[in-house]
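Here's the structure, in structure tokens; my notes come after.
The values are calculated or read from the model by the stated rules, or taken from the named source; none is laboratory data. Note that this is a predicted model, so its numbers are computed, not measured. In this analysis, Cβ positions are derived from the backbone assuming ideal geometry, glycine residues included, and neighbour counts consider all displayed protein chains.
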């Protein structure tokens, strides 16, 4: 009798016939091709149970006329979960058999129908098994993806390198259920350490063997190259993390399936990891393992850069503090001899030691001008160091800005006139008082007007203006908008406008940098420390104000600052 293609695909099909009727056993023996089917006929209960327990058949055909059918059905059902149960009945089907049966055959069915019934049920069984396996594979994939996502989320939540390595190990445990991981980490402490995450306890001998194995793996990565660090088993620190210390691994561990991966990103080497598992790893396991080892590399790189930035900032802060202390000490040390020099020059120029000649008077005046200039530089340095150290003293009181403007104009008009310049004012009358340190505002405004005089050619005009404005109406140059944040308030706005050399667009942002000067011949000729504007900026910030500038090269500059009307700053 011919069999279909499905028979050949399945291979040898095991069929057990349970019947006490010899003619039925002979019948099934004749219709099932021995090349496709392996047929066994039994009627003894003990032999039936022995056979089923040893090797579940694919199909069991039970003759409904056999004695003790009820007990036989229950026992077979309890032993055989995936076996197809077919009952051979005479005509009428007992309802009790419906809960055990996959199909029924009758005594008068044709041979082809018998074989078709068996094959249809085998196909159904095979399809259900395939579906079950697919569902299991899908469930495994979803679980692994969830483990990868969870681990990735943990990676993005920290810049602690020790935590990142631990999250990597925990992620591998969730996704792969390892027996042991050996992680050589260059991130956990100052020196490389071996982190052993084990399901069971490890003997000292086994730990030594794992250390040697890890070192060999590590050295093989840099064969012919210089490794990041020299590692030996005596000095390699081991960190153990044991899940169930009551049990213990033996050297049979080295017979387990294993995988190895580097933890690196480009030229950055963070360590390596080897994982052991008693059961074999699948290709999906290998992909997952390598993915997690690669995933942790990027946040480790970020953590390394962050640590380098922190260390660099700490060094810079220390250097800045040392610089400020140095400036303060040097300035104080310079002030004492400079005071003596100034007093000596005053005495000489007064004629108390004899009337100086015209030539001597010229040189004494030159010396006095440079002493005053040097005194100004020292005062700037001292102010800067005080501000940066938070030791600048302020005397806040109700102040009218127009009074400050009038004072500065009066003090500098003669200096401007000597250069052929004119200082004019455009002041709004009846301005409200602001809470400020008038002496510090005079210092700010004097610096701005002095710069305007210094960098403006002859026969030009310098304008000082003041007015009351609301924050919504203040126009700030785009270059300074990101660094200046004004609250919704009324402000007193003061501007110093000149017709001088101007500032190039590329230099605008650096106008308030310490020790910075506009790079052109006139600025170099004028000289100076470049501290006036940075000091002015910090003094105004202490008043909760701000300063900025507008300028066009060779056409002039306009420096503006604002102080809030309702400002009541705390002493700084």
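Annotations for the structure displayed:
- Residue 390 loosely packed, with under 14 Cβ neighbours inside 10 Å, at pLDDT 80 or above and at positive phi: no
- Residue among 119, 73 that alone is touching a helix residue (DSSP H, G or I) at 6+ places or on another chain (Cβ under 9 Å) and modelled with pLDDT of 85 or more: 119
- Qualifying residue in segment 141-153 (condition: modelled with pLDDT under 95, part of a loop (DSSP other than H, G, I, E, B) and out of contact with any helix residue (DSSP H, G or I) (no Cβ under 7 Å at 6 or more places or on another chain)): no
- Complete set of residues in segment 232-247 that are touching a strand residue (DSSP E or B) at 6+ places or on another chain (Cβ under 8 Å) and either surrounded by 10 or more Cβ atoms within 10 Å (Cβ to Cβ) or under 11 Å from residue 193 (Cβ atoms) (or both): 236, 237, 238, 239, 240, 241, 242, 243, 244, 245, 247
Each row is one residue, and each column tells you yes or no for (1) within 26 Å of residue 256 (Cβ to Cβ); (2) surrounded by 11 or more Cβ atoms within 10 Å (Cβ to Cβ); (3) touching a residue at least 12 places away in the same chain (Cβ under 8 Å); (4) over 26 Å from the mean Cα position of the chain (by Cα).
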| residue | (1), (2), (3), (4) |
| --- | --- |
| 126 | no, yes, yes, yes |
| 152 | no, yes, yes, no |
| 169 | yes, yes, yes, no |
| 195 | yes, yes, yes, no |
| 200 | yes, yes, yes, yes |
| 206 | yes, yes, yes, yes |
| 227 | no, yes, no, yes |
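Quick grid of which residues meet (1) loosely packed, with under 15 Cβ neighbours inside 10 Å; (2) assigned by TED's automatic domain parsing to the domain that holds residue 428; (3) modelled with pLDDT of 90 or more:
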| residue | (1), (2), (3) |
| --- | --- |
| 524 | yes, yes, no |
| 528 | no, yes, no |
| 557 | no, yes, yes |
| 572 | no, no, no |
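- Filter result (surrounded by 15 or more Cβ atoms within 10 Å (Cβ to Cβ) and out of contact with any helix residue (DSSP H, G or I) (no Cβ under 7 Å at 6 or more places or on another chain)) within segment 43-57: 43, 48, 51, 56, 57
- When every residue of segment 97-110 is checked against the conditions, at least one turns out to be part of a helix (DSSP H, G or I) and out of contact with any helix residue (DSSP H, G or I) (no Cβ under 8 Å at 6 or more places or on another chain).
- Subset of segment 469-485 [in contact with a strand residue (DSSP E or B) (Cβ under 6 Å, 6 or more places away or on another chain) and farther than 26 Å from residue 510 by Cβ]: 469, 470
- Check on residue 22, at pLDDT 85 or above, within 27 Å of residue 73 (Cα to Cα), in the same structural domain as residue 125 (by TED's automatic domain parsing) and surrounded by fewer than 11 Cβ atoms within 10 Å (Cβ to Cβ): yes
- All positions within segment 267-283 that are touching a helix residue (DSSP H, G or I) at 6+ places or on another chain (Cβ under 7 Å) and either crowded, with 20+ Cβ neighbours inside 10 Å or more than 25 Å from residue 220 (Cα to Cα) (or both): 270, 272, 273, 275, 276
- Residue match in segment 480-489 (condition: closer than 26 Å to residue 406 by Cβ and either touching a helix residue (DSSP H, G or I) at 6+ places or on another chain (Cβ under 8 Å) or free of Cβ contacts under 8 Å to residues at least 24 places away in the same chain (or both)): yes
- Checking residue 325 against (1) surrounded by fewer than 12 Cβ atoms within 10 Å (Cβ to Cβ); (2) touching a residue at least 40 places away in the same chain (Cβ under 8 Å), the condition it does not meet: (1)
- Test: residue in segment 486-496 that is outside any helix (DSSP H, G or I), out of contact with any strand residue (DSSP E or B) (no Cβ under 6 Å at 6 or more places or on another chain) and under 18 Å from residue 436 (Cβ atoms): yes
- The lone exception for residue 310 - which of (1) within 21 Å of residue 218 (Cα to Cα); (2) surrounded by fewer than 14 Cβ atoms within 10 Å (Cβ to Cβ); (3) out of contact with any strand residue (DSSP E or B) (no Cβ under 9 Å at 6 or more places or on another chain) it fails: (1)
- Qualifying residue in segment 358-367 (condition: touching a helix residue (DSSP H, G or I) at 6+ places or on another chain (Cβ under 6 Å) and in contact (Cβ under 8 Å) with a residue 40 or more places away in the chain): no
- Here residue 191 clears all of (1) in a loop (DSSP other than H, G, I, E, B); (2) assigned by TED's automatic domain parsing to the domain that holds residue 36; (3) modelled with pLDDT of 85 or more except the condition numbered (2).
- Any chance residue 539 is assigned to a helix (DSSP H, G or I), at pLDDT 85 or above and under 40 Å from the mean Cα position of the chain (by Cα): yes
- Check on residue 395, within 30 Å of residue 317 (Cα to Cα) and modelled with pLDDT of 85 or more: yes
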